[in-house]
Amino acid sequence: MTAATTAAPPTTSHSVPRQLLHDSNYVLLGLPLALASFVVLLVGLALGLGLVVTVIGLPVLAGTLYLARGLADIERLRLPAVLGQARIRPDYRQPEPGAGAWRRIFIPIRDAQSWLDLAHGILKLIVSVVTFVVTVTWWAGTLLGCLYWAYDWALPHGPGNQGLNQLLGLGDSPAARIGLNTAIGVFFLITLPMVVRGCARLQAGFARALLTGVAEMRNRITVLEEQKRAAVSAEAAALRRLERDIHDGPQQRLVRLAMDLSRARQQLATDPEAAGRTIDEAVTQTRDTLAELRALSRGIAPPILVDRGLPSALAALAGRGLVPVELRIDPRLEVPGGRLDPAVESTAYFVVAEALTNVAKHSGATECAVAVTWHDRRLAVGVSDDGHGGAHLAKGHGLAGIADRVRAAGGRLDVVSPAGGPTEIRAELPL
């Protein structure tokens with residue numbers, strides 16, 4: 001599926017007049033578009049189905065479906081101004097390379113989305129008529145009521161022309177007429193944004209359901225499948241790395257510890273002093289093994305992250321770094337109760353940990369900066385250094401595993417590291 005890179009901004013309190021104009025334009029222009037679409041597509045469909053028993057019917061039907069696709073694309077271009085979402089265009093079925101003319105004719109007929117476009121082009125007239133009438137009524141009530149004072153003198157007022165003010169017993173004075181009609185106009189004015197917004201949302205919701213609903217569902221399924229694959233890949237890479245670290249570190253030390261203890265047991269009867277030295281070496285091996293196991297456990301689930309949260313865990317990482325680290329954390333993460341979802345905290349922690357490891361091992365940097373910010377329900381984690389660059393997300397490198405972990409959490413990882421530096425690693429995680 002493809003999606004546009006721009007989307008209408010969300011409606012805010014200071015943009016109510018602008019949104020009202022967008023909604024009004026969408027609804028009012030929707031009726032002539034719906035009328036033209038209804039006439040053209042209904043005629044094309046009837047003609048195609050009527051001639052389907054002949055050779056001519058299928059090309060006419062295919063052409064009608066292509067025309068419905070074009071009209072649907074026009075509607076998709078109009079949706080972001082109302083819904084405030086990026087434009088999504090379904091991935092239509094395409095003819096195979098070298099396909100003949102008849103096979104190309106059958107392509108739109110076999111495409112389910114093309115029939116949904118046709119259904120929208122024919123049925124949207126019903127919704128458009130209702131929303132158009134309501135919108136025009138509210139605009140007319142607003143303008144005629146609020147400006148009644150300007151044209152009251154031009155209207156006929158006499159015994160045979162009873163107005164609403166007389167029916168309500170307010171009398172037939174100019175003040176009564178102007179006051180009542182102005183009050184009605186103010187009511188329409190106050191409710192105008194809400195009513196027009198509701199009409200626009202109704203019409204746009206109907207269009208979204210038929211024109212982009214299937215595409216959005218498929219997009220969501222694709223994203224979930226990618227996240228699942230990324231999670232499996234990240235988990236497998238973490239397990240392989242843990243297995244390698246245990247094999248190369250603690251396991252070897254434990255083997256040597258067992259050998260030292262066996263040798264010390266043999267030396268006790270013949271050379272107690274040598275046995276003592278061997279036991280001292282075994283004690284040293286035990287301490288080193290415990291230190292490596294603690295380091296490995298921090299890589300699985302750092303206790304400080306679990307107990308004290310992301311700011312304290314990142315501060316500990318920065319304090320252990322071989323390169324001076326400037327740490328900037330959003331103040332909202334440091335207040336009591338500012339804890340994030342454990343999965344988000346864990347992912348952010350490992351992004352910084354792997355990035356700082358790369359800085360220490362490969363970058364040749366003299367300083368590094370870590371920034372964690374929180375905005376628009378997303379957590380942004382940035383790590384930059386002044387090293388010689390060259391970092392990338394190729395498989396077999398540490399950043400590839402972190403990229404999989406970030407994708408599994410529904411985020412994205414970007415690496416900007418030109419030759420000669422500097423390097424910036426930025427991850428965005430949804431909250």
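The values are calculated or read from the model by the stated rules, or taken from the named source; none is laboratory data. Every value quoted in this text rests on a predicted model; they were computed, and no experiment measured them. Positions of Cβ are generated from backbone atoms using ideal geometry, with glycine treated the same way; all protein chains shown enter the neighbour counts.
Does residue 222 satisfy being assigned by TED's automatic domain parsing to the domain that holds residue 31, of a type in the set (Val, Ile, Thr) and either within 30 Å of residue 79 (Cβ to Cβ) or at pLDDT 85 or above (or both)?
no
Yes or no, residue by residue, for (1) in a helix (DSSP H, G or I); (2) over 29 Å from residue 137 (Cα atoms); (3) at pLDDT below 90:
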| residue | (1), (2), (3) |
| --- | --- |
| 10 | no, no, yes |
| 27 | yes, no, no |
| 30 | yes, no, no |
| 46 | yes, yes, no |
| 60 | yes, yes, yes |
| 63 | yes, yes, yes |
| 74 | yes, no, no |
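I'd like to verify a number: residues in region 310-364 that are in a loop (DSSP other than H, G, I, E, B) and within 22 Å of residue 392 (Cα to Cα), how many?
Number of matching residues: 4.
Taking into account only those residues within region 41-93 that are in contact (Cβ under 8 Å) with a residue 60 or more places away in the chain and surrounded by fewer than 18 Cβ atoms within 10 Å (Cβ to Cβ), which is farthest from the chain's Cα centre (by Cα)?
Once the filter is applied, the top-ranked residue is 42.
Quickly run through region 108-128 and pick out the residues that are over 14 Å from residue 75 (Cβ atoms) and either in contact with a strand residue (DSSP E or B) (Cβ under 6 Å, 6 or more places away or on another chain) or surrounded by fewer than 19 Cβ atoms within 10 Å (Cβ to Cβ) (or both).
109, 110, 111, 112, 115, 126 - these are the residues of region 108-128 that are over 14 Å from residue 75 (Cβ atoms) and either in contact with a strand residue (DSSP E or B) (Cβ under 6 Å, 6 or more places away or on another chain) or surrounded by fewer than 19 Cβ atoms within 10 Å (Cβ to Cβ) (or both).
Looking at the structure I just gave you, is residue 15 assigned to a helix (DSSP H, G or I), at pLDDT 90 or above and not acidic (Asp, Glu)?
Answer is no for this residue.
Quick one: is residue 131 surrounded by 16 or more Cβ atoms within 10 Å (Cβ to Cβ) and closer than 18 Å to residue 47 by Cβ?
It is false that residue 131 is surrounded by 16 or more Cβ atoms within 10 Å (Cβ to Cβ) and closer than 18 Å to residue 47 by Cβ.
Can residue 276 be described as at pLDDT 70 or above and of a type outside the set (A, V, I, L, M, F, W, C)?
Spelling it out, residue 276 is indeed at pLDDT 70 or above and of a type outside the set (A, V, I, L, M, F, W, C).
Could you look through region 404-427, keep only residues that are of a type in the set (A, V, I, L, M) and at pLDDT 80 or above, and pick out the one that is farthest from residue 343 (Cα to Cα)?
Step by step, filter region 404-427, then rank; the result is 419.
Looking at (1) of a type outside the set (Lys, Arg); (2) at pLDDT below 75; (3) in the same structural domain as residue 84 (by TED's automatic domain parsing), which one does residue 192 not meet, given that it meets all the others?
Checking residue 192 against (1) of a type outside the set (Lys, Arg); (2) at pLDDT below 75; (3) in the same structural domain as residue 84 (by TED's automatic domain parsing), the one that fails is (2).
Among the candidates 385, 330, 341, single out the residue that is assigned by TED's automatic domain parsing to the domain that holds residue 424 and within 15 Å of residue 415 (Cβ to Cβ).
None of the other options fit; the residue is 385.
Looking for whichever is in a helix (DSSP H, G or I) and modelled with pLDDT of 90 or more here; the options are 209, 200. Which one fits?
Testing whether each residue is in a helix (DSSP H, G or I) and modelled with pLDDT of 90 or more leaves just 200.
Might you check whether a residue that is closer than 20 Å to residue 343 by Cβ and modelled with pLDDT under 80 occurs anywhere in region 378-397?
Checked against the condition, which is being closer than 20 Å to residue 343 by Cβ and modelled with pLDDT under 80, region 378-397 yields no hits at all.
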